[in-house]
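Report on the structure given below.
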């Protein structure tokens with residue numbers, strides 16, 4: 001498990017996925033090629049399923065484009081841990097089934113080389129030798145996340161529900 | 001204790017009294033999507049194969065982001081959207097050249113006071129200028145609302161921004177909102193509703209309110225809203241639409257934070273690379289050489305904005321080292337500017353006119369920058385790589401500053417030209 005640490009605040013959606021590709025790349029493999037291209041060109045080649053991203057305040061600010069959240073989910077990032085998230089990105093991550101952990105304490109405590117583990121069921125994040133709690137999602141959002149994202153949730157709740 | 005605009009609108013839509021922090025499910029009045037509709041159609045069709053949109057009359061699709069198509073891949077996206085529009089019987093479809101979605105939505109009477117509009121574009125918050133509760137969502141959520149007709153909101157806290165006074169010559173709404181963003185910070189209004197109140201609000205033109213509301217997202221806001229007043233009524237009267245659902249906060253509404261700005265204190269400012277909240281008074285940047293000036297976008301592409309620039313450019317020439325690119329916000333605004341003689345002034349000064357649309361704002365075409373170049377833009381974002389090249393620099397300003405700087409070939413205070 002690798003932790004990708006981007007300590008700066010206000011990492012915007014253009015850094016996570018450049019706008020010039022937004023209308024020509026929409027599938028997982030297409031997005032992966034340019035994911036975090038202008039922030040960390042090495043990320044896309046190095047990231048493995050189960051890896052974690054640690055960042056500062058207002059992560060994901062800017063555009064409503066969903067390639068950042070969809071891309072991070074596609075490459076298997078287990079969670080993004082940040083001091084805070086921009087609201088459209090926050091919604092989008094839930095819609096994609098990507099786990100976000102808002103814990104300024106955990107981010108402040110983190111130093112390079114620390115092992116990081118997240119346990120969403122109990123709302124705990126382990127950083128090195130410390131454990132930090134994080135506020136659980138409201139039930140409505142948790143249901144979407146558990147189903148793997150909004151459209152899978154809709155399939156389950158509405159479509160199968162309608163036929164039953 | 002009184003209620004805020006956000007609480008009132010969401011209470012009415014939810015059909016019950018609600019409190020800040022609560023989660024409510026509502027059916028938005030309209031769902032805006034643009035060129036990204038082709039990706040949304042893919043999500044829609046893979047979730048409900050051969051399914052029908054729940055409320056086709058509530059969809060609005062505007063092609064504006066990469067129009068006319070810059071490549072066959074973009075063209076294929078547009079084609080897919082036109083086919084879907086026909087199949088699903090979507091009447092609110094506006095093809096290339098109509099204008100930028102955030103200009104077209106009000107022009108078509110789709111962002112009524114007191115209504116709720118969502119859009120798969122972060123600058124959907126622009127409609128707050130019309131007393132509309134409007135906010136951005138992602139593509140997946142848009143596909144979800146096409147299917148179910150509804151979505152959830154966490155009822156936001158509200159930041160109140162009280163406005164007094166009036167602008168000095170050469171200073172405009174863009175300088176005000178950039179100043180506010182510089183003070184509040186890129187995440188300072190995160191998750192919050194922002195309300196604009198105070199005696200100066202009545203004097204702000206619709207175009208000014210749109211410039212201000214448009215940039216609410218640049219401080220993280222969920223919505224940025226104005227009360228409906230006589231100018232709002234006139235706007236919709238001209239469209240033959242009567243305002244029925246306008247709503248506003250109570251005088252004793254409780255705000256999470258309150259700020260005050262006297263418009264007569266505002267000076268020309270520049271948002272420097274690569275963050276919108278990196279705002280400085282113009283004198284710190286004067287003399288910075290520029291390669292391109294871009295006048296347009298959903299922030300500053302209206303006839304009033306083009307006129308403010310033309311008033312400075314009339315009889316002058318764009319500096320030989322500068323390319324000046326102009327994109328009117330919509331066909332309607334373009335025609336208005338033509339009738340005012342503004343387009344002739346701009347063309348004679350050496351500006352290049354693009355069709356109505358987003359133009360080079362998002363870095364896909366029509367004025368992409370080269371490595372090392374500097375662009376002074378009236379847009380809303382100066383993020384690294386935004387105009388297609390990460391080694392380029394984008395500075396944001398008002399139309400007045402853009403025009404004065406285009407003549408000088410470097411960042412210049414418009415007040416010096418107007419003196």
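Please determine whether any residue of segment B:87-103 is under 25 Å from residue B:190 (Cα atoms) and in contact with a helix residue (DSSP H, G or I) (Cβ under 7 Å, 6 or more places away or on another chain). Lay out the reasoning, then the answer.
Within segment B:87-103, the subset under 25 Å from residue B:190 (Cα atoms) is B:101-103.
With the extra rule that they be in contact with a helix residue (DSSP H, G or I) (Cβ under 7 Å, 6 or more places away or on another chain), the set shrinks to B:102-103.
Within segment B:87-103 (the criterion being under 25 Å from residue B:190 (Cα atoms) and in contact with a helix residue (DSSP H, G or I) (Cβ under 7 Å, 6 or more places away or on another chain)), the answer is yes, since at least one residue qualifies.
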Open item on the list: So, residue B:13, is that one surrounded by 14 or more Cβ atoms within 10 Å (Cβ to Cβ) and out of contact with any strand residue (DSSP E or B) (no Cβ under 9 Å at 6 or more places or on another chain) or not?
Closed with: no
Open item on the list: Which condition from (1) more than 30 Å from residue B:157 (Cβ to Cβ); (2) buried (at least 20 other Cβ atoms within 10 Å of the Cβ) is the one that residue B:60 breaks?
Closed with: (1)
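So is residue B:66 more than 30 Å from residue B:201 (Cα to Cα), within 11 Å of chain A (Cβ to nearest Cβ), in contact with a helix residue (DSSP H, G or I) (Cβ under 6 Å, 6 or more places away or on another chain) and not in a helix (DSSP H, G or I) or not? Full working, then the answer.
Values: more than 30 Å from residue B:201 (Cα to Cα): yes; within 11 Å of chain A (Cβ to nearest Cβ): yes; in contact with a helix residue (DSSP H, G or I) (Cβ under 6 Å, 6 or more places away or on another chain): yes; not in a helix (DSSP H, G or I): yes.
Here the answer is yes, as residue B:66 does meet what is asked.
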Task: Residue tally, condition within 11 Å of another protein chain (Cβ to nearest Cβ) and touching a residue at least 60 places away in the same chain (Cβ under 8 Å), over segment B:42-62 - done: 6
TODO: Scan segment A:17-56 residue by residue and report those that are within 12 Å of chain B (Cβ to nearest Cβ), assigned to a helix (DSSP H, G or I) and either free of Cβ contacts under 8 Å to residues at least 12 places away in the same chain or touching a strand residue (DSSP E or B) at 6+ places or on another chain (Cβ under 9 Å) (or both).
DONE: A:20, A:30
Open item on the list: I'd like the full set of residues that are crowded, with 24+ Cβ neighbours inside 10 Å, within 12 Å of chain A (Cβ to nearest Cβ) and assigned to a helix (DSSP H, G or I), limited to segment B:178-193.
Closed with: B:181
TODO: Report, by residue number, each residue of segment B:283-299 that is in contact with a helix residue (DSSP H, G or I) (Cβ under 8 Å, 6 or more places away or on another chain) and either surrounded by fewer than 22 Cβ atoms within 10 Å (Cβ to Cβ) or part of a strand (DSSP E or B) (or both).
DONE: B:293, B:294, B:295, B:296
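I'd like to know if segment B:10-23 contains one or more residues that are part of a strand (DSSP E or B), in contact with a helix residue (DSSP H, G or I) (Cβ under 8 Å, 6 or more places away or on another chain) and under 28 Å from residue B:247 (Cβ atoms). Before the answer, list the steps.
Kept after step one, since they are part of a strand (DSSP E or B), are these residues of segment B:10-23: B:23.
Right, trim to in contact with a helix residue (DSSP H, G or I) (Cβ under 8 Å, 6 or more places away or on another chain) and you get B:23.
With the extra rule that they be under 28 Å from residue B:247 (Cβ atoms), the set shrinks to B:23.
There is at least one residue in segment B:10-23 that is part of a strand (DSSP E or B), in contact with a helix residue (DSSP H, G or I) (Cβ under 8 Å, 6 or more places away or on another chain) and under 28 Å from residue B:247 (Cβ atoms).
Here is a yes/no grid of residues against (1) surrounded by fewer than 24 Cβ atoms within 10 Å (Cβ to Cβ); (2) more than 21 Å from residue B:216 (Cα to Cα); (3) within 14 Å of chain A (Cβ to nearest Cβ):
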{"position": "B:303", "(1), (2), (3)": "yes, yes, no"}
{"position": "B:310", "(1), (2), (3)": "no, yes, no"}
{"position": "B:315", "(1), (2), (3)": "yes, yes, no"}
{"position": "B:319", "(1), (2), (3)": "yes, yes, no"}
{"position": "B:326", "(1), (2), (3)": "no, yes, no"}
{"position": "B:338", "(1), (2), (3)": "yes, yes, no"}
{"position": "B:361", "(1), (2), (3)": "no, no, yes"}
{"position": "B:367", "(1), (2), (3)": "yes, yes, yes"}
{"position": "B:380", "(1), (2), (3)": "no, no, yes"}
Open item on the list: Checking the structure you have, find out if any residue of segment B:213-223 is farther than 24 Å from residue B:123 by Cα and either surrounded by 15 or more Cβ atoms within 10 Å (Cβ to Cβ) or not assigned by TED's automatic domain parsing to the domain that holds residue B:389 (or both).
Closed with: no
TODO: Please specify each residue of segment A:57-90 satisfying the condition of being farther than 19 Å from residue B:123 by Cα and within 9 Å of chain B (Cβ to nearest Cβ).
DONE: A:57, A:70, A:84
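For segment B:340-352, which positions are surrounded by fewer than 18 Cβ atoms within 10 Å (Cβ to Cβ) and either touching a strand residue (DSSP E or B) at 6+ places or on another chain (Cβ under 6 Å) or assigned by TED's automatic domain parsing to the domain that holds residue B:69 (or both)?
In the first step, residues of segment B:340-352 are kept if they are surrounded by fewer than 18 Cβ atoms within 10 Å (Cβ to Cβ); the result is B:340-341, B:344, B:347-348, B:350, B:352.
The answer is B:352, and nothing else.
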- [ ] For residue A:13, indicate whether it is surrounded by 22 or more Cβ atoms within 10 Å (Cβ to Cβ), within 11 Å of chain B (Cβ to nearest Cβ) and at pLDDT 95 or above.
- [x] yes
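When you scan segment B:112-160 for strands (runs of 3 or more DSSP E) that lie fully inside it, which ones turn up with 1 or more residues that are touching a residue at least 12 places away in the same chain (Cβ under 8 Å), buried (at least 24 other Cβ atoms within 10 Å of the Cβ) and more than 12 Å from chain A (Cβ to nearest Cβ)?
Of the strands (runs of 3 or more DSSP E) lying wholly inside segment B:112-160, those with at least 1 residues that are touching a residue at least 12 places away in the same chain (Cβ under 8 Å), buried (at least 24 other Cβ atoms within 10 Å of the Cβ) and more than 12 Å from chain A (Cβ to nearest Cβ) span B:116-119, B:133-136.
Quick one: which strands (runs of 3 or more DSSP E) lie wholly within segment A:100-164 and hold at least 3 residues that are away from chain B (no Cβ under 14 Å)? Give the derivation first.
Working: elements: A:100-102, A:116-119, A:124-127, A:130-133.
Strands (runs of 3 or more DSSP E) meeting the threshold: A:116-119, A:124-127, A:130-133.
So that you can scan it fast, the table gives a plain yes or no per residue for (1) in a loop (DSSP other than H, G, I, E, B); (2) in contact (Cβ under 8 Å) with a residue 40 or more places away in the chain; (3) touching a helix residue (DSSP H, G or I) at 6+ places or on another chain (Cβ under 6 Å):
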| site | (1), (2), (3) |
| --- | --- |
| B:195 | no, yes, yes |
| B:221 | yes, yes, no |
| B:224 | no, yes, yes |
| B:242 | yes, no, no |
| B:247 | yes, yes, yes |
| B:250 | yes, yes, no |
| B:255 | yes, yes, no |
| B:258 | no, yes, no |
- [ ] For residue B:175, state whether it is more than 14 Å from chain A (Cβ to nearest Cβ) and assigned to a helix (DSSP H, G or I).
- [x] yes
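The values are calculated or read from the model by the stated rules, or taken from the named source; none is laboratory data. Just so we're clear, the structure is a prediction, and the values are computed from it rather than from any experiment. All Cβ positions, even for glycine, are placed from backbone atoms using ideal geometry, and neighbour counts span all protein chains on display.
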